[in-house]
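The values are calculated or read from the model by the stated rules, or taken from the named source; none is laboratory data. Computed from a predicted model, the values in this text were never measured in an experiment. FYI the Cβ positions are ideal-geometry reconstructions off the backbone, even for glycines, and counts take in every protein chain you see.
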Amino acid sequence: MDIRAIAMGLAFAFMWSSAFTSARMIVLDAPPLTALAIRFLISGLIGVAIARAMGQDWALTRAQWRATAVFGICQNALYLGLYFVAMQTVEASLAAIVASTMPLVVAAASWLVLGERLRPLAIAGLLAGFAGVGLIMGVRLGGGVDGFGLALCVIGVGALTVATLAVRGASATGGNLLMVVGLQMLIGSAALAIPAVALESWEVTWSWRLIGAFTYTTLVPGLAATWVWFALVGRIGAVRAATFHFLNPFFGVAIAAALLGEALGLFDLIGVAVIMGGMLAVQWARAPR
């Protein structure tokens, strides 16, 4: 892994983790599904326009079209849609911790469902990672966290896991990366528009915080982070790229504490450390020798 790949991985982890704090700011002042649908529409149009300016076209491979459709619905509409709704009542730090377990869930599903062989270190990492999540959830549930919102976060991770297993590596091949990213955003926007119109009313509390958070979420986690992720996967492979996910729990809780003032207890910090260690062990063991 070269210096450029490391820089890309660190940038992705920070941008991805910061999305939960900016999303929390948005959903406190605007309807979540409507805001997310508009965000994806803007991000998608910008992504497609830039892709066209770079000479990329619509001639995607069959695998890329499949990945574009599946990720547009499962990741952008289901996963993020559920998270935006959940973060009306769930703190950004907890949402980030639950979301960061996705690599653990993917590894566990690959082992238990797809029959992938895991080394003892990976199995130990899975057990440690889920133990850390259980510790944090137990403490938070005892402290009165909204159970329905937490359940939406868990379901969202499940949707993203299914998408990841269904199109593993497909969107990282064949070029046209920014076009793939932009089209995914547009599909997600279209899928979210239906429940947004049916279930939500346009009630917005306008503020500079809302405008700044929406702009940041649209351009940085929404567009830049997704493009960096696919570029990183294309550069070093999905397994090595997923190693950087182990930083997400730390970045997620740190950014939420710094910008939102969310309190972190001792068990939260211990749980985050255990999750990070478990994720690193899993990815280390699964990486090619």
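Brief remarks follow.
- When restricted to residues that are at pLDDT below 90 and under 14 Å from G81 (Cβ atoms), region 186-202 contains 0.
- Here V85 qualifies as closer than 30 Å to P31 by Cα, buried (at least 23 other Cβ atoms within 10 Å of the Cβ) and modelled with pLDDT of 85 or more.
- Failed item, numbered, when G55 is tested on (1) in a helix (DSSP H, G or I); (2) surrounded by fewer than 23 Cβ atoms within 10 Å (Cβ to Cβ); (3) not aliphatic (A, V, I, L, M): (1)
- Note on region 172-212: residues that are of a type in the set (D, E, K, R) and free of Cβ contacts under 8 Å to residues at least 12 places away in the same chain total 0.
- Any hit, region 124-137, residues being among the aromatic types (F, W, Y), in contact with a Gly (Cβ under 8 Å, 6 or more places away or on another chain), closer than 21 Å to M15 by Cβ and touching a residue at least 40 places away in the same chain (Cβ under 8 Å): no
Table: residues versus (1) part of a helix (DSSP H, G or I); (2) among the small types (G, A, S); (3) farther than 24 Å from A242 by Cα; (4) without any contact (Cβ under 8 Å) to a residue 60 or more places away in the chain.
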position	(1), (2), (3), (4)
S17	yes, yes, no, no
S22	yes, yes, no, no
Q64	yes, no, no, no
S110	yes, yes, no, yes
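Residues checked against (1) modelled with pLDDT of 85 or more; (2) within 15 Å of the chain's Cα centre (by Cα); (3) over 20 Å from H245 (Cα atoms); (4) buried (at least 22 other Cβ atoms within 10 Å of the Cβ):
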position	(1), (2), (3), (4)
A77	yes, yes, yes, yes
L80	yes, yes, no, yes
A131	yes, no, no, no
V139	no, no, yes, no
G142	no, no, yes, no
F148	yes, no, yes, no
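- Any hit, region 80-93, residues being of a type in the set (G, A, S), over 16 Å from V253 (Cα atoms), part of a helix (DSSP H, G or I) and in contact (Cβ under 8 Å) with a residue 24 or more places away in the chain: yes
- When the test is whether a residue is in a loop (DSSP other than H, G, I, E, B), modelled with pLDDT of 80 or more and either at positive phi or touching a Leu at 6+ places or on another chain (Cβ under 9 Å) (or both), V253 does not pass it.
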